[in-house]
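Novice: To start, I am sharing the structure in question, which I have written as structure tokens.
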Amino acid sequence: MYSTNWRNRQSNDQGRLFENLIDQACLYYKNKGIAMIEKTPEPFRVKKINSDGSITVFPIGKAQPDYKGTLINGQAIVFEAKMTTKDRINKRVITEHQAICLDIHSEFGAMTGVCCMIKKTVGFVPWIDWQNMKEKYGRQYLLEEELKEYQVPTPGFIDFLNKSRW
């Protein structure tokens, strides 16, 4: 039980660190006048206010993609953020509702994708490539070596817009 709780806590901490690095990129892009991109808040309802001032909440509604914003040229950007310490990331880490949202934003012309990290490699996978993972790789997951095709610099933040294809 202790080791499971420790692993869960470690995974949560690593996930927060990953999102903090994306948040730093969003702040950098805003300050440089490149883009305004924000983390999408998760909808929740307060269930209880505890005696220590903390709150107990429960989610309401379905999770949206993690980040939404606008580039300086007026183009929208919408993406999900996922990381793993394992050797692969599964396509199914994106929920059906998130996939539908990304599909719609993509159809409307937004830049869409998945900013992901597998072990120590960070990349931004365009949504069309994420969707076509089975056709491209013959399976429903992406290996760290394959993520290198989409790798982005990490100069103290995850520079997900620094890719020649964008």
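Novice: Does the stretch 131-166 hold any residues that are outside any loop (DSSP other than H, G, I, E, B) and among the acidic types (Asp, Glu), and which are they? Working first, answer last.
Specialist: Within the stretch 131-166, the subset outside any loop (DSSP other than H, G, I, E, B) is 131, 133-137, 141-151.
Within the stretch 131-166, Glu135, Glu144, Glu145, Glu146, Glu149 meet the criteria.
Novice: Here is a further query. Is it the case, given these coordinates, that Gly61 is exposed (fewer than 11 other Cβ atoms within 10 Å of the Cβ), small (Gly, Ala, Ser) and modelled with pLDDT under 95?
Specialist: yes
Novice: Which residue out of Thr40, Thr56, Thr4 is at pLDDT below 95, within 15 Å of the chain's Cα centre (by Cα) and hydroxyl-bearing (Ser, Thr, Tyr)?
Specialist: Thr40
Novice: Given the conditions (1) modelled with pLDDT under 95; (2) hydroxyl-bearing (Ser, Thr, Tyr); (3) within 17 Å of Leu161 (Cβ to Cβ), which single one is not true for Tyr67?
Specialist: Tyr67 satisfies every listed condition except (1).
The values are calculated or read from the model by the stated rules, or taken from the named source; none is laboratory data. Given the structure is predicted, the values throughout are model-derived calculations rather than measurements. All Cβ positions, glycine included, derive from the backbone under ideal geometry; neighbour counts span all protein chains shown.
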